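What follows is a short report on a single structure.
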Amino acid sequence: MGLKILLDGQLLEKDNAKISVFDHGLLYGDGIFEGIRAYSGRVFRLKEHIDRLYDSAKVIMLQMPVDKKKMSDDIKAVLRANSLSDAYIRVVVTRGVGDLGLDPRKCPKASYFIIADKISLYPDEFYENGLEIATVSTRRNIPESLNPRVKSLNYLNNIMAKIEGTQRAVPEALMLNAQGYVAECTGDNIFIIRDAVITTPPASAGALLGVTQEAVIELAGKRKIEVRKELFTRYCVFTADECFLTGTAAEVIPVVALDGRKIGSGKPGDITLKLIADYRKLTKSSGEAIGN
Ligand code: PXG
């Protein structure tokens, strides 16, 4: 028995879960998605992911095919159908089938599918030794064109940056906004720490408002560490004491160098290590039960 995918409300074997070549999600990247994780039979921050998905839909004027409750129930149903308690979940909503023109009015019904699979984790050494990252020349989309807060199916901006990062042999690439301020990485938010104050760019810098980012801000607050959401430049990353990235897949991961400049001691910092531990505890002790 293979992996079961939920497509438009129906559970199907992976090989039978297919969408049309006329789907505008494929033809134009017209759609939205979420990447969510389940830990020990519980979906982490499900409400936050669902809210972000429906906010993305609203911004691109996509009529959601189901309501939030049904979407949440379907996510849990896919996990149960595949007997997964620790998983990576991908929720995709496309504009649906239309004609070859751009006009979304020709797509009468949005499609959605949910994939839940085993999570492929980053190697342990990334967490123990930290990452070396590089700034790439591809700038993050300007919010006036396509707001990076919308988690749209059009990820070419990030993919172009990822390609540059790969050419430079780094596991993550740092993206600046059009003004030259630090925005985020291709699939992760960035934090820096200097003199025990944590700073992360606001979404208005041209970043996705990360669910992990928000969780880490809460955890830092519990430790009474000051957190600021402020614009900063590469200079501030070079001269930081510590740096780390956050994302659903990566969780909290230390960064020890940017563009050949060692950050702080060149090793994962103390506050970063504490937040990694706090985040791991949080993922194991919270979340919405999948049920059985
Ligand atoms: N910024 C961007 C551009 C993202 O795509 C994050 C930040 C982190 O957000 P969350 O809510 O997950 O803390 C993301 C995450 C991957 C991958 O393979 C990551 C994302 C999407 C697709 C793939 O690392 N999104």
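Each value in this text was obtained by applying a stated rule to the coordinates, not by laboratory testing. Not measured: the values here are computed from a predicted model. Note that we place each Cβ from the backbone using ideal geometry, even for glycine, and neighbour counts take in every protein chain shown.
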Worksheet, complete the sentence: Summing -39500 (n - 2.57) over every DSSP H run of at least 4 in the chain, dividing by its residue total and rounding to the nearest 500, the 222 nm mean residue ellipticity is -8500 deg cm²/dmol
Worksheet item: Where a Cα-Cα gap under 15 Å defines reach, which aspartates and glutamates qualify for K274, not counting those fewer than 8 residues away within the same chain?
Response: E128, E218, E226, D241, E242, E251
Worksheet entry | Under the Karplus curve 6.51 cos²θ - 1.76 cosθ + 1.60, θ = phi - 60°, whole-Hz ³J(HN,Hα) for the range 187-199, x wherever Gly or Pro sits | x, 8, 8, 10, 10, 10, 10, 9, 6, 6, 10, 9, 10
Discussion item. Please list, ordered by chain and number, the residues whose modelled amide H lies under 5 Å from the amide H of C185; skip anything fewer than 5 residues away on the same chain.
Written reply: M175, I190
Worksheet item: Taking the Cα centre of each part, how many Å lie between the range 246-264 and the range 44-87?
Response: 29
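Working out 0.36 nm times the residue gap between N292 and R194, then minus their Cα-Cα distance, what length gain in nm do you get to one decimal? Before the final figure, lay out each step's value.
Numbers: separation 98, 0.36 × 98 = 35.28 nm, distance 4.59 nm.
Length gained between N292 and R194: 30.7 nm.
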Worksheet entry | Estimated vicinal HN-Hα couplings, Hz - the range 21-34 in sequence order (Karplus 6.51, -1.76, 1.60; Gly, Pro = x) | 5, 8, 5, 5, x, 7, 5, 10, x, 8, x, 9, 8, 9
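With r defined as the distance between the Cβ atoms of K267 and Y155 and R0 fixed at 41 Å, what FRET efficiency is calculated, to the nearest 0.05?
0.80
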Worksheet item: Against the longest principal axis of the chain, how steep is helix 68-81, in degrees 0 to 90 to the nearest 10, with axes from Cα atoms?
Response: 90
Item to complete: Would you pull out the residues with amide H under 5 Å of V256's amide H, same chain only if 5 or more places away, H placed 1.01 Å from N?
Response: L131, E132, I133
